[in-house]
Amino acid sequence: MTAMPQTVPAYGAIQAAGVGALRPIERAFDAVFQAAANPWRHLGALSFFFFWIATASGIYLYIFFDTSVEGAYRSVEELTDGQWYAGGVMRSLHRYASDALVVSVVLHLVKELLAGRFAGFRWFSWVSGVPLLWLLLASGIVGYWLVWDELAQFIALATAEWFDALPLFSEPLARNFLAPGSVDDRLFTLLMFLHIGLPLALLAGMFIHVQRVNYGDVAPGRVLGWGTFLALLALSLARPATSMDPANLALVTQAVALDWFYLAFYPLFYEWSPNAVWALAAAATAALLALPLAARRARPPVAHVDLANCNGCGRCFADCPYAAVVMRPRQLSFVQMGDNAFAPQISPLPSPGEGSGVRAERNQVSLRGSVGGRPGQQHAVVIPGLCASCGICTGACPSSTPFRSSQRLVTGIDMPQQPIDTVRQELERELLSIAEERYPLGSHPSSPHPRPLSQKGRGEAIVPLLPPGEGSGMREGERRVMVFGCGHGAAAAACKSRDVATFSLLCIGMLPPAFIEYALRNGADGVLIAACREGDCEYRLGERWLGERLAGAREPHLRPSVPRERVRLVYAGCGEESVLRRELASLHAALARLPRNQRRRSSRDKFSVSAGMTKRNVQA
C-alpha cells in the first residue's frame, strides 16, 4: 500500500488501521507469488476475468436451458447429472466464478476505500463503480431464480415482498408466488431476458468505469490467470454445484442453504423489515456516492505545457496513467504588435470537453515570435480535471534533460509544484553535499566569489580532483551514492548520511533517466532509485514506466554508455525503509569493488541526449 492521503478526520483512524492490516497481507503474497501474480495487486483484473468465466460458462448453460415452468428445473438437473463432465462442470464454474466476482469486487472497493482513492481526479472511477454493485447483485439473484428449486422459490417470494414495500405496484407482487399455477412460462422468459441484459449492462458499466484510465488492468497475467482458473476448476470438480428440491408453491419453504455472497442480506427482511433494508441500502449507496464530496480538498497544481519546448512527440500522451494529456494540432494566428505590425502566434486549439459536459480548461499559452512550430505539428494539452499531478509526463518529455546548457531548465510539460529546473538545482545541491572540500576552483561555498553549479557550463566537473586522503575529506573506501526516492514510497531521507545524498520526487516515474547519468557525471559513484512496490504505485504506472526506461524498453531510455553496475533499482513501499537501507548497503559493497567514478578530463563531453533529442556538445 502507499502513503495515505489526507481524508476526513473521522475516517482517518479507520483508514490507518485498515491500511496497517492490509499491508502485511499484500507483502506476504508478494513474497510467495511475486507482484505480477499477487491477486491483491490485480483485483480489478481478476474481476474482469471472473466475469468472462461466468459469461462463457453461462453461454454453454443457456444452450441447454428450458425456459418453461416445468422444464427449467429439469434441464438444470440434466446438465448437472446427465453430463456432469461438461454441463455439471460448467454449472459449477458459473456458480463459483460469480461468487469470486463478488469477492474480488468487494475487496477492490475496500482496498481503494482504505487507500483514499475515491476523491479528486479519481472521483469518476469511484462514482461510476457504485451502480455496478447493484447490477452485479441483481444479476446473481436473477440467476438463482432460473434454477426454480426451493431456494429460488424463497428468493422469489422474499424479493417480491421487498419490492412490495415500495409504492410502485397496484397489487402486491408476492401474490404471484403464493399458489400453484400462478407462475407461467412468461416469467422464465422475462428472467432469462434479465439474466442476459443485466450482465450486459454490467459489462458496459465496467468499461465506463475504466474509461479515464490508460492501460487499465483488465486482464490478469498468464500465471495469475491460469492459476485462478485451475483453482476454480478444481473446486468445481471437488464440490459440484447442486440444486435443492424443485419449487412447490403449495408448500412453504422451511429452510434453505443461502449463497452468502449474493443473498447475505435476505435474512434481514425478516429480522428487521423490508423498509428498513431499503433504508440501509439507500444510505449505503448515498454514502458511497458522497465520499468524493466529503473528502474534497485543495487540488495540487496540474501539469503545464510550454509550447516553446514541446515538439509534439506524444510521449507524455502515451505515458499518462489517466488520459489527462491529449495531442492537438497547433493553430497559427497573428497578434497585432502595433498599428501595422503583426507577429506570429502559435496557440492550442480548444481542449477536449470545451462547450460540453466535461469540465476541461484551455491551455492559456501565448508565444510571440518563432517557437519552432511547423504546419501540421501537434502539441500536448492537459485536461485539468483528469490530471493526477504525478509528474510522470515530465519524466517522459525529451526536453527534461539536465545537460541542456540553458541557465534555467524549461521542459515541454512540467509540474508547477516541482519544476524540472528546481529538480536539477536540488540535485546539484545534494551532489555538492557529498563532495565536501572537493569543488572546482570558485565553486566552494566559502569561496569569495562562489559560482552555483547552475551557472557553470553544463558538464563541468564537481567530482573530486584529488584522490582520497590528500586533503579531500573522504576516507578510503567511501563511495558517494545518490538516492532518488518517491514521495509515496519508502522515505529516501532515512538513508541520508555523510556519503549518501537523497532527493524525492512527486512520483518516481517523474525521474528522467538523464538525471541518473547527470548524477554519475557530477559527483556520485552510484545511484539508487527507490520505487514503490511493483503494482502499488500511487499513480498506477510510475514504477513500471521507470523500470522500462532503465531497461531501454521505453523512451526516454537510459543511455547504454551509463555503467549499469553503478545503478540499482529497488522496490520499497511506504514504511519499508529497512529494505531501502539493506539495498543501499549492498550497493555500497558493490561500489567498493569498483574503481572510484572519476570524471573524464576532456575539454568537451560529447553525448546524445536520450529520447532522440538533437546531439549537443556540452562545455566541460
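The values are calculated or read from the model by the stated rules, or taken from the named source; none is laboratory data. All figures in this text were calculated on a predicted structure; none of them were measured in a lab. Quick note on the areas: whole protein, heavy atoms, side chains included, nothing else; ligands and nucleic acids left out. Shrake-Rupley method; radii C 1.70, N 1.55, O 1.52, S 1.80 Å.
What are the residues whose amide H is under 5 Å from the amide H of Ile413, where those residues sit 5 or more places off or on another chain and H is modelled from the backbone?
The answer is Asp306.
List, in order, the whole-Hz ³J(HN,Hα) value for each residue of region 129-136 obtained from phi through the Karplus relation with A = 6.51, B = -1.76, C = 1.60 and θ = phi - 60°; use x for Gly and Pro.
x, 5, x, 5, 4, 5, 5, 5
Average projected area of the Cα convex hull of region 480-520, in nm²?
Approximately 2.7 nm², given one-decimal rounding.
With every protein chain kept in the model, how would you rank Phe503, Phe317 by accessible area, 1.4 Å probe, largest at the top? Let's see the in-between values first.
Numbers: Phe503 20, Phe317 100 Å².
Correct descending sequence by accessible area is Phe317, Phe503.
Work out the P(r) tail for region 159-231: percent of alpha carbon pairs separated by more than 19 Å, whole number.
66 percent
Would you check the accessible area of Ile196, probe 1.4 Å, heavy atoms only, in square angstrom rounded to 10?
Rounded to the nearest 10, that gives 80 Å².
Sort Lys496, Lys111 by accessible area with a 1.4 Å probe, largest first.
Numbers: Lys496 100, Lys111 15 Å².
These residues rank, largest area first, as Lys496, Lys111.
So what is log10(I(q)/I(0)) for region 37-165 at q = 0.11, 0.22 1/Å, when the Debye sum runs over its Cα atoms only?
-0.50, -1.26
What are the ³J(HN,Hα) couplings of region 278-284, residue after residue, when phi is run through the Karplus curve with 6.51, -1.76, 1.60 and θ = phi - 60°? Round to Hz, x for glycine and proline.
Working through the residues one at a time gives 4, 5, 5, 4, 5, 5, 5 Hz.
For Trp545, Trp226, give me the order by solvent-accessible area with a 1.4 Å probe, most accessible first, ignoring ligands, DNA and RNA. List each step's numbers first, then the result.
Details: Trp545 0, Trp226 155 Å².
Listed by decreasing accessible area, they come as Trp226, Trp545.
Which value, in Å² rounded to 10, gives the accessible area of Thr242 with a 1.4 Å probe and all protein chains present?
Its heavy atoms expose roughly 100 Å² to the probe.
Taking 1 over the mean of 1/r across every pair of different Cα atoms in region 491-581, what Kirkwood radius in Å do you get? List each step's numbers first, then the result.
Values: mean 1/r = 0.0740 Å⁻¹.
It is 13.5 Å.
Quick one: Karplus J couplings for region 242-248, per residue in order, coefficients 6.51, -1.76, 1.60, θ = phi - 60°, nearest Hz, x for Gly and Pro?
10, 9, 7, 5, x, 5, 9
What whole number of Å gives the distance from the Cα centroid of region 61-75 to the Cα centroid of region 143-219?
Region 143-219 and region 61-75 have Cα centres separated by 17 Å.
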